[in-house]
1. On the given criteria, is A:Ala608 closer than 24 Å to A:Asn893 by Cβ, touching a residue at least 40 places away in the same chain (Cβ under 8 Å) and not β-branched (Val, Ile, Thr)?
2. Would you check if there is a residue in the stretch A:626-638 being over 32 Å from the mean Cα position of the chain (by Cα), assigned to a helix (DSSP H, G or I) and aliphatic (A, V, I, L, M)?
3. Determine, yes or no, whether A:Tyr1029 is within 16 Å of A:Ala1111 (Cα to Cα), of a type outside the set (Asp, Glu) and in a helix (DSSP H, G or I).
4. Run A:Gly740 past the list (1) in contact with a helix residue (DSSP H, G or I) (Cβ under 7 Å, 6 or more places away or on another chain); (2) surrounded by fewer than 23 Cβ atoms within 10 Å (Cβ to Cβ) and report the number of the one that doesn't hold.
5. Taking the stretch A:629-652 as the search range and keeping residues that are within 14 Å of chain B (Cβ to nearest Cβ) and touching an Asp or Glu at 6+ places or on another chain (Cβ under 7 Å), which one is surrounded by the most Cβ atoms within 10 Å (Cβ to Cβ)?
6. Output the residues belonging to the stretch A:499-518 that are in a helix (DSSP H, G or I) and over 19 Å from A:Lys1033 (Cα atoms).
7. Looking at B:Ser255 and the list (1) modelled with pLDDT of 90 or more; (2) exposed (fewer than 12 other Cβ atoms within 10 Å of the Cβ), which single condition is not satisfied?
Amino acid sequence: MILKFPDLKSLRLALISGAVPATMSKAPAIAGVDDQHQCWVETNATLTRSNQTELKRLLVSFPRSMSGVSRQEYGCWAEILPLEKEPWHADTLTQTPVLFDLSDGAELASLVIETLRLGNDRQSYRWLETLPWKGGASALLPESKQGVDAPPRALLRVVGPPYYTLLRAIDRIGGAKAPVAYIEKSPRVWVELGYTHPLIQEIKAPPGKLLLLRPSCPWTMLAEAPFRDVYETTEFLLPDGVVKFNDSKNQTPRIKVTLSLRAGGPPEGDEFWVLRDDPLEHLNHFVQNNTDEVLQRLSFAVGERSGKKIIVVRVRPSKQPAPVVILHGAIGYKPYLKLPNLFLPVGTKLYPPLRRDQVRKLLAEDTSQVVWLHPDGKGSFVPQTLPEDSFRPLFDWVYYVLDHDKEPLQHWVQAAQFVFEPFASEEEAVAKPKRPPGSSEKASRGRTRINNSEGPDARYQVIEETIPTLEPTQTIEEMPVVLKVEPSLAQKQLKELEEAFLALEGGLDSAQRQELWPRLAALNTSLKNVDDAGISWMNVLWERDEATARAWAWSWFAVEAQAVQERTTAQPWTKRALESKNRELPGDDLDRLLNLSEPATSDIRTLAAYLVHACLQEVPSASLVERLGPISRFLETNEKLLPIRGMWLAWSHLAILSRGDVLAVARARDRVLERLYHTGMRPEQDLPSFLRFAGQPTSQRFRAVRQWLIGLSDLAQDWVTTTGTQGQTKAYVDLIFAFGLARLGESDEARKRLAHATIALNENDDAAHKALLSAFDYRIRLALDGKPHIGPLPADQLNVLENMERLSRYVVDRLRKHSRIIEPDTVINPYRHWGARINEFERELVELADETDRNLIVNRVENLLRDIPRGAKGAEQRMRVLKAGLENAPRVNEEFARRLLDNTIPTYDALPEIKEVAVLVDQASFLEKALFTAGHFGRTESLHPLVTRFKKMLESQRGTQAINALESLASQCLRGLRRLGMREEIDQILRMMETLILEGQDVRSVDWKKRDNGPAALRALLQVASGYYFFGKDAQADQILGVARAVLFAADLPQREQTQLAVAYARAAGQAQVEAAQKRLEEIFKSLKNVRDTYTTSTHFSVSQLDVVEAVVLAVVSDDFTVGTQARRWLDDDEFLVRRRIHRDVRAALEREV
Amino acid sequence: MAKTEAPTLSREDWSYEELQAEAEELRSRLNRFRLSLGRFFVQKQDLIDLMVVAAVAQEPLLIVGPPGTAKSDLVLKFKDALGLGEGDYFEYMLTRFTEPSEIVGPIDIGKLREGRYIRREQGKLPTARLGFLDEIFKSNSAILNILLTIINERKFYQDGVPMPVRLRVLFAATNEIPEQAELAALKDRFCLKAESRSVQDNYFTNLIDAGIQGEVYKGLAQKPWIEGHATLDDMLKANRYLTYQFGRRHRSGRSEEQNDRQMYFPAEVFDEFQRLVKTLIREDHIFISDRKLVKLYKLFRVRAWLFTGGTVSRDDLRLLAYLGESHQEIELLRDKVPMLLGEA
């Protein structure tokens, strides 16, 4: 019987629909396709009438003969359908078995060896002896001895073969001998890689058989048989040998070994110095000849032995490399085997070398003692010690004094205005130098005084020297009072203009505001407000076309040039240019500027203005063009004196002068971004005074806050007493306030509280208290030194923790987990040492967090990413690595950030569905890090996909879990976005969150106590309120705070909820206007009840109470609080505008180059 | 230091017949040259071979390595051994403050006043035949732009008018390979990037002995590596000879025309080449531009001719190990290419 199908699709349909009955389709057939693509099938089976009718409906006809068709035999009808191409990816095959069919068995060895060489030993094989194929139906090829003349054939099964090996099959390398690779598409049906059969799911191999499908080839059927592992035959049995030695029966006597010092290691890297002969003279010489930066890095202790004084100087803990110190008359030491309290002379090592734990046991077991090995010159040594707490910061004992008294001059009052030396809100910089505790009132002139009478150990005698006179710099308050005069017309105009500027709606870049800048600049210029005029001109020139900029650039130069000082023998270097008609700086004036070793801010700002002016001229000045190299060097050295805008204007125009030096622009961009990342825009440098002091004057605010915080500390102590003191909570409250006061520059008050806490916490010799005290001490000292509050604890403290007894360690880790003062960046899991051992991956991640070297960060991240399994399986791990990388990316470079961002979206999309709050928070923080990095480097193409995903994530959250997560989500997303100008996005996110939490109700009408998960929802709402404050929507935020306040002070929440709500309330209150915020925060300590806990750690402190105190203190010392939200908002807006222009310029420069 | 002696003039228009007669002799001179020069270094033979291959192919070579790993010394001795005159050689250490005038000559101020932007290039890179630029990635984009034009087009613009340069061989060195995207174009121009590694771990004694001997040579102002085995002209001749060959059509026994690839690149080695490239791109994301693939072909052929005088073999494919664009890639390829080739 012959059937003619209109095409192969019809045949397929007939097979699927059952129009061709199974009995017929399973039988062999002869078939062919003619020129019109019609498919002819001849079969011995017969069709019933109903089947025929059905087939006719599919346009199948039943001719009597097959003519004009080349015919071929098939084992079954499905075989007539050809295989179809199918895309495939090597990444999906990492765990998939692939069957290599080698028609020439001689190739097996080379294939196996190659695969083994490339690291894959998951291989097994079978030998087949084939019967030559005779055409027609599929032949069953048994594993037999038949067909001895046929070439041997082999099957190699490899799980996840290397791509290199797969290419042998894909590219048919080796021609006819090339292997064919098959994938198992359905049980026991293997199809050639890159193909599939249209009925693959329907094809079932007979029991005990395998089926191999290749395009344009008859199907091959094999008997199923076990594959032999490649290692099956490789077993090396060695002959039995004779043992030649027995254990000795004698007891080995103990062997005495005398330790000595031998030469070894580089003679450098000293971090510890001991002065023996005339130590004070040497130290005085040292402090008088070194910068304060070096001195701030050192601490010292004075000791006495046999009536002879010695002074020991050491480097204070820091993440920075140790300073290079040249201390005459001292022996230099450095730490040995990373033991924090053991020092060996540089260039020596201990002989014989011992394990670290042995050395510690022998020489440095007591960590409260610092030990150094004093060499006797003959190889032997004497261990000498000093208590750890006898070391004091060297800088605190050094006074800088003037040789001559100040000569107060009569102030001069100009008719209508006053030109003040600009000052920023840095009162601490001009405050009276504070005397170290215990210093004498009398002082003499010009000497350094060193006094360690505070040392807790009486063995260490006081060294008394002549005491220097203190000549404090005058404070602002002590300056002569300026006479009050009526403001001039220009001043009135300026004030009006500033008010108009502030009153306008919209961002800093709004068109109306842009129009006001030139007028502000002109008025400030006419009033000789050089700083404000300069910043206004920079804003004028920031977004202008070339012609307009050309007209105004000279005005900027002219006003900046007014501030350039005359120097001892010469007129200002700008004078001749200002007087000349061609508006060019003569070469020798430029040289004078470039030769200045310590240029003033005015010099650099004027140079920046001149570069902009010169670049905009049709023919740039030849004297400038000839000096572009030295100018670049000079500018790079001193660019930190420039406002960010000035810096960028200078570099972008300098690059144009250098004929489009794109690399210089890119490098300048990197430096600007780094500066923005580390310090952001600074009000005193980057904003004109009327924006800087928008709202309450910053200096007043700052001073008031400091005084108020001191009072608040007493309130907090009273609150702890009233609520019920647990353990040493009060000492920790002292430490928290000490940190806050240190951040605000109240060093005396900070030190006082630190000293109180130190005494209290050292009372019981408790390891946990000691460790926590060290941690706070480190953070407080960083704050006192004005260093950023970032990074992990120092290595020596972490070492101590590593070796601590487990319960004490838990107590310490518990507070580390809660306290953002101790651990500003990382949330510690206190249970991790109780659970399973940390695995290699986790360890790598932890180490990555501590890594500071940029190249090593890149290496570590790339290595980690490389080792993670591809595809969805490794998505979670990949996310964690990417997150850690993104955290560091702003410090590394754009290329690194780009690579990570390219991976972020695919990785995020491959993440499994969120089922737990912790996972949700993790993913949100991942997106937030990516958003920040994308914004930082201006990679707008990544921003919107990320924001979209963030919103989707938010939308997908419903119910109790969502409420729990929202609080974390809100705090994660707002921080980074606002500095990137994403106002709209934040606003949308805030509104979405509010809707989610309130479920359409009014905030006042919700009964938060009865509502499911009410306190958590209220906390999330408080985060939203923080955002509203930022946008100036104070009324909406106040309303939320009002509701939260009522719930909080009603005090009928469970203790844990009460604490958490208080913390969220304090954080949100910190964003409010300062007076309102102060009242709210004070009220916490006056009226808050029911904050106690019964955790394991309550023997040491009340975590709950400390949580509340820390939240209040951190809210007070935040930039938003001290600078003022309004000024901070200007700064954030301004930072966005700066970033936008920088990225645009660099992109344009690159495009120009291309 | 820039050298100012006048360059020697030489012809480069040799005919194929002239070169064919001399080809074997050229090959053996160049082989003597590379092997003899190798005696003056510890474990740098591979690098010297690569320098010779790059020089014959007239492809720039970037030597990457930490300070003190003989990068500059290799180039200096290479130059000496070729007997190059001072005017034919230019070397300079670049910094980000290096100005174009230091590399391609100062602007002629007199002519600038006439409105013409002309550089006095005498004694600078455009007039040298062998150039060595140390710390190349530290330079600024003005210099990078000039270098790109010189490397790509063998041209140098004077007042907007392209002028041919004499530079034939360019070596560059760097301690670090920065990742800035702005440098990608220049990095891509250096098809080969070879690592000069410290050898003290495995060849401590040899290193000390050779180092002391080197100090002696220096102290006594001796240069025994100048043995006159080959000259720069020999390399240029070899280049021209192979260029002729690339363009020739060969007739096989059955009168079918065969091009250079069919003649000198056996199919199985060519398949292997493709397989390696695909694997490196897929598995390790190594970027190999189309331009680089073509250059690689040329380099394989040069190496095969130089080392065996015949067809390209699997061993020549080892050049793929020098394609890394970053330290990580260089390190990876150093191990991976031999592993894939089965020679590790």
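The values are calculated or read from the model by the stated rules, or taken from the named source; none is laboratory data. From a predicted model like this one, the values you see are computed outputs, not experimental measurements. Cβ: placed from backbone, ideal geometry, glycine included. Neighbour counts: every protein chain shown.
1. no
2. yes
3. No: the conditions fail for A:Tyr1029.
4. That leaves (2) as the condition not met.
5. Among residues in the stretch A:629-652 that are within 14 Å of chain B (Cβ to nearest Cβ) and touching an Asp or Glu at 6+ places or on another chain (Cβ under 7 Å), the one surrounded by the most Cβ atoms within 10 Å (Cβ to Cβ) is A:Ser652.
6. A:Glu499, A:Ala500, A:Phe501, A:Ala511, A:Gln512, A:Arg513, A:Gln514, A:Glu515, A:Leu516, A:Trp517, A:Pro518 - these are the residues of the stretch A:499-518 that are in a helix (DSSP H, G or I) and over 19 Å from A:Lys1033 (Cα atoms).
7. Only one criterion in (1) modelled with pLDDT of 90 or more; (2) exposed (fewer than 12 other Cβ atoms within 10 Å of the Cβ) is unmet by B:Ser255, namely (1).
Okay, residues lined up against (1) surrounded by fewer than 17 Cβ atoms within 10 Å (Cβ to Cβ); (2) more than 23 Å from A:Thr348 (Cα to Cα):
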{"site": "A:Ile255", "(1), (2)": "yes, yes"}
{"site": "A:Ala263", "(1), (2)": "yes, no"}
{"site": "A:Glu268", "(1), (2)": "yes, no"}
{"site": "A:Asp278", "(1), (2)": "yes, yes"}
{"site": "A:Val287", "(1), (2)": "no, yes"}
{"site": "A:Gln296", "(1), (2)": "no, yes"}
{"site": "A:Ala301", "(1), (2)": "no, yes"}
{"site": "A:Ser306", "(1), (2)": "yes, yes"}
{"site": "A:Arg314", "(1), (2)": "no, no"}
